[in-house]
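One structure is given here, and the rest of the page talks about it.
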Amino acid sequence: MLKKVFAAAVLSACALGAQATPIASVAANTNPSEFITLASGNGIGQVSGGSLYSGGSVYTEAGRVYAAVPKPPGGTTVGTWLAAGPLNINNGGGDANLHLSTQFVSFLWGSSDISNELVVVTNLGRYSYKTENLPEVFNTSFRNVYIAFSTDGNELITDLIFKMDKNFNSFEASNFSTTAVPAPASIALLGLGLIGIGAARRKLA
């Protein structure tokens with residue numbers, strides 16, 4: 001009987017949902033207490049490539065376009081923000097890759113350039129977004145707007161890659177918020193544990 005229960009729990013965990021394009025939305029989470037702190041590295045919630053900043057302007061030298069820290073209208077930027085692109089100060093050029101394991105992530109996207117490209121990587125695929133194929137409110141003139149990506153079933157967002165054209169200014173983002181999701185194996189074990197507790201209670205009764 002236990003083998004049948006275990007098999008059923010594993011099958012239900014594996015069949016949590018089919019692949020679907022991550023859903024892009026606006027007016028995402030804006031609660032400062034839920035923002036994550038960015039740090040350099042390759043672990044979950046860490047950033048490789050690009051540059052991390054805690055405030056101020058990126059560009060100070062003459063002849064370069066200034067890139068201010070992304071800041072929501074009437075609000076504040078919490079913690080560290082990131083920038084991708086070849087013109088970052090301190091030799092912080094290149095793409096910025098945020099490593100995740102989540103079904104929901106939101107962030108404040110700084111003023112958009114036409115060269116901005118966001119690649120959402122999941123365990124089931126890769127999806128590329130530019131301002132023209134995001135929700136209607138996104139266009140090349142928007143300034144500091146929250147955006148969210150969410151998945152369902154067994155699809156997890158594993159990375160966000162912030163890409164820039166080599167000849168253009170940086171891609172800035174801040175105020176990241178995520179929701180951690182347990183792995184399918186953990187869900188199956190949780191189900192087994194609940195079943196075991198129920199069986200034990202029946203025996204005691």
Among the residues of the range 109-120, write down those that are crowded, with 19+ Cβ neighbours inside 10 Å, assigned to a strand (DSSP E or B) and free of Cβ contacts under 8 Å to residues at least 60 places away in the same chain. LEU118
Residues within the range 130-161 that are surrounded by fewer than 18 Cβ atoms within 10 Å (Cβ to Cβ), at pLDDT below 90 and not β-branched (Val, Ile, Thr), tallied: 9
Can you name every residue in the range 28-47 that is assigned to a loop (DSSP other than H, G, I, E, B), over 11 Å from LEU100 (Cα atoms) and open to solvent by 90 Å² or more (accessible area, probe 1.4 Å)? THR37
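The values are calculated or read from the model by the stated rules, or taken from the named source; none is laboratory data. No experiment lies behind these values; they were computed from the predicted model shown. Using ideal geometry, Cβ is built from the backbone for each residue, glycine included, and neighbour counts are taken over all protein chains shown. Calculation scope for accessible area: heavy atoms of the full protein, side chains included, ligands and nucleic acids excluded. Shrake-Rupley method; radii C 1.70, N 1.55, O 1.52, S 1.80 Å.
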